[in-house]
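> Before I ask anything, here is the structure I am working with.
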Amino acid sequence: MKRRAYRSVFIISILLFVLAAVVLLSLCIGSSGLTLSQSINAMFSSKDSIERSIVMDIRLPRILLGFAVGGALSLAGVILQGLFRNPLVEPYTIGISGGAALGVAFCITFRLQAIQYLGSFILPLSGFLGSLLVIILLYITAVRSNSLNIQKVLLVGVMFSFISSSLMLLIMSLSKTESLERIIFWMMGSLDQNNWGLIRAAIILSVFSLIAGYFFSIDLNALSLGEEQAVHLGIDIERSKRYLFIISSIITGFCVSVAGVIGFVGLMLPHFMRLVAGRDNRILLITSFLGGSCFLILSDTIARTIIAPQELPVGVITGLFGGILFIYLLSIRKAGI
Amino acid sequence: MSILLELRNVFSGYGHQFRLENISLSVMEHRITGIIGPNGSGKTTLLKTISRFLKPEKGTISLDGTNIWSMNIKTFSRKVAVINQYMETACIPVFDYVMMGRIPYHKGFQLFNSDTDIEKTEMNIKIAGIDTIRDKFLDSISLGEVQMAQFAKALNQEPVLLLMDEPTSHLDIKHQVGMLDLVRKYNFKTGLTIIIVLHDLNLASEYCDELIIMKNGIIRYTGMPSEIMNYRTIEEIYETVVIVERNPLSQKPYVFLISEEQMKKN
């Protein structure tokens, strides 16, 4: 049985190695036509050059954001699927992304970005406020006599999703073509973000939530048997449910606010990692985070190079490649979801 | 022999719906105590109240002299384990499932199972006789095997009190007897105190030292099977005509059912 511990360490090391490889690859290829050696030289040279600026100021921020957002979305997916005991749940199911989208659409339509001193912060900020509003509403409706009714969170969340998409349609039908374009562009999701403050915040928040989520990994294992069994195993389920809900919804809200609605990472990666690395949440949280990071960085690299100098929305790549890969994996494995 | 579990004037239930009224009872240690009664008599509610899943509205429940609600939930789960009648089968291997019984002993930030956890799990899997299916997934084995896995998981918690809620209700006679024989044997060997809710009166009579008979949320009779299992009690509680005879080998009471047709003939 020691074997299992070794296996987990092995899988995590492989993922770290893959992550390093993906990061390096992504630093070295792009639409500017730099050769591999040029890119590598630019990375390690200290003097300012166009090459260095392309690698460090254009490619690196995207990679870092991909690391944070991919990891966080995938982590939120694992937590929510475990919490709801439902394999179809993903971070966007419970309406948080809808709230964020609504916030952003509101901001664009009413030209709130004209507010001077907030500058480029205003879009993510209004998105985050929108998602926060949904989180709070969800929480209030689902808490009864000190107990968080998790099935109710799911149902109400799905309803919030519908309501906010209707409101989105309303706002979009009333707004001008120029605003419409910006809203649609935002909704497609992109890692193109040049605000270092936001990128740093995303990295700190996602790593922090991985650590915080980790404290509840055993609780998640116990909850997989149902709430009653978890109580009998000595888990304070009300506390775990609450913290897990808050951790996963806050990081979802933040990711959506910074990078828009990048689909599929939070749904597929947890399943993929369960098939590859097993369902013990103590390992699964880490593998899913790393896997999500690798997957999103790689997808973004493909999205920005495949039809260069044009760029595809990264969601196109995550959906297409992820979906096909996942179906393939399901068909060769016998064990169920 | 001393009292392990004591309930004093306990009122409990789900909101406005069904409730237990004024339950007082003492459970002796090292015994197997059976709870019987018709559907909806409050057996499961009582078990859920004892297992700390339901908080009583009034009254105290003490285990070994300590109020269970003043204990930390983790401490409590090292003393009391529960086996349910029906379990939503999770898609995990039997070994991992049994290992979950060690969760009360896990430390906060523990990445891997400790050697003790693995040793105990191996041992309890052997005790429950499920060694051959340890790598099979829980949703691919028979219900009898699932119940054995539940038993092994419960033992893995190293409890002083084991609560079982109709553990045999969906099993055939081979697995019913197999399960209860195992429970009885384990009780003899280690002195583990067991409270078991049973539907089958004859199994209850055969395997329990002590019986509690419930109806409409209150305890109606308590005592040894030979004292309280007679046709008068059973007919009163279940509103059904029965004949109670003795099992020719064990001399324990045995309940025979009588059909309406048969009754008319006599």
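Since every read-out is calculated from the coordinates, none of them should be taken as a lab result. If you're wondering where the values come from, they're calculated on a predicted model, not measured in any experiment. Cβ sites come from the backbone with ideal geometry, for glycine too, and all protein chains shown count toward neighbours.
> Net charge near A:Asp57, counting Lys/Arg +1 and Asp/Glu -1 over other residues with Cβ under 13 Å of its Cβ?
Numbers: positive: A:Arg52, A:Arg59, A:Arg62; negative: A:Asp48, A:Glu51, A:Asp192.
My count for the surroundings of A:Asp57 gives 0.
> Mind checking which of A:Pro91, A:Pro61, A:Pro270 has the largest fluctuation in a GNM of chain A, springs on alpha carbons under 10 Å?
Checking each option, the largest mean-square fluctuation is seen for A:Pro61.
> Under a 10 Å cutoff between Cα atoms, tell me which one of A:Val256, A:Val143, A:Val55 has the largest fluctuation in the Gaussian network model of chain A.
A:Val143
> Taking the alpha-carbon centroid of each part, what is the distance from the range B:103-148 to the range A:194-239 in angstrom?
If you average the Cα positions of each part, the centres end up 24 Å apart.
> In 5 Å bins starting at zero, report the fraction of Cα pairs in the range B:169-211 per bin as a rounded %.
Bins of 5 Å from zero give 5, 20, 35, 26, 12, 2 percent of pairs.
> Another question about this same structure. Can you return the lysines within cross-link range of B:Lys185? Criterion is Cα-Cα under 23 Å, with same-chain partners fewer than 8 residues away left out.
Once the sequence-local lysines are set aside, what remains near B:Lys185 is B:Lys79, B:Lys120, B:Lys126, B:Lys153, B:Lys174, B:Lys252.
> Let me see the P(r) profile for chain B: every Cα-Cα distance counted, bins of 5 Å, each bin given as a percent of all pairs.
All Cα pairs considered, the percentages come to 1, 6, 12, 16, 18, 16, 13, 9, 6, 2, 1, 0, 0, 0, 0.
> Is there a simple number for the mean count of other chain Cβ atoms within 10 Å of the Cβ of residues in A:274-287, and what is it? Mind dumping the intermediate values first?
Values: counts 1, 0, 0, 0, 3, 5, 6, 0, 6, 2, 0, 0, 1, 0.
That average works out to 2.
> Report the dimensions of the range A:2-332 along its three principal axes from the alpha-carbon atoms, largest first, rounded to Å.
Computed over the range A:2-332, the largest-to-smallest principal extents equal 62, 58, 38 Å.
> Quick check on packing: order A:288-295, A:133-140, B:142-149, A:44-51 by the mean number of other C-beta atoms within 10 Å, highest mean leading. Don't skip to the end; give the middle numbers.
Numbers: A:288-295: 28.4, A:133-140: 17.9, B:142-149: 20.6, A:44-51: 9.6.
In decreasing order of mean packing, A:288-295, A:133-140, B:142-149, A:44-51 become A:288-295, B:142-149, A:133-140, A:44-51.
> Now, a different point. Neighbouring Cβ atoms within 10 Å as the yardstick, rank A:Ser161, A:Ser131, B:Ser140, A:Ser126 fewest first. Present the calculation step by step, with values, prior to reporting the outcome.
Details: A:Ser161 19, A:Ser131 29, B:Ser140 14, A:Ser126 23.
Ordered from fewest to most neighbouring Cβ atoms within 10 Å, A:Ser161, A:Ser131, B:Ser140, A:Ser126 come out as B:Ser140, A:Ser161, A:Ser126, A:Ser131.
> If each Cα of the protein assembly as shown is one equal point scatterer, what is log10 of I(q)/I(0) from the Debye formula at q = 0.08, 0.09, 0.11 Å⁻¹?
Scattering profile of the protein assembly as shown, log10 relative to I(0): -0.68, -0.80, -1.04.
> Further question on the same structure: Order by neighbour count: B:Lys174, B:Lys74, A:Lys241, B:Lys153, fewest other Cβ atoms within 10 Å first, most last.
Values: B:Lys174 9, B:Lys74 15, A:Lys241 23, B:Lys153 29.
Ordered by Cβ neighbours within 10 Å, fewest first: B:Lys174, B:Lys74, A:Lys241, B:Lys153.
> Under the definition of partner shielding as Cβ atoms of other protein chains within 10 Å of a residue Cβ, what is the mean value for peptide B:26-37?
Mean partner shielding for this stretch: 0.
> How large is the convex hull of the Cα atoms of the range A:230-310 per residue, expressed in Å³ as a whole number? Show your work: numbers first, answer last.
Details: hull volume 8.4 nm³, N = 81.
With only Cα atoms used, the range A:230-310 gives 103 Å³ per residue.
> Which residue fluctuates the most in chain B, going by a Gaussian network model with Cα springs under 10 Å, if the choices are B:Phe11, B:Phe76, B:Phe256?
B:Phe256
> What is the distance in Å between the Cα centroid of the range A:155-191 and that of the range A:276-301?
First find each Cα centre; the distance between them is then 29 Å.
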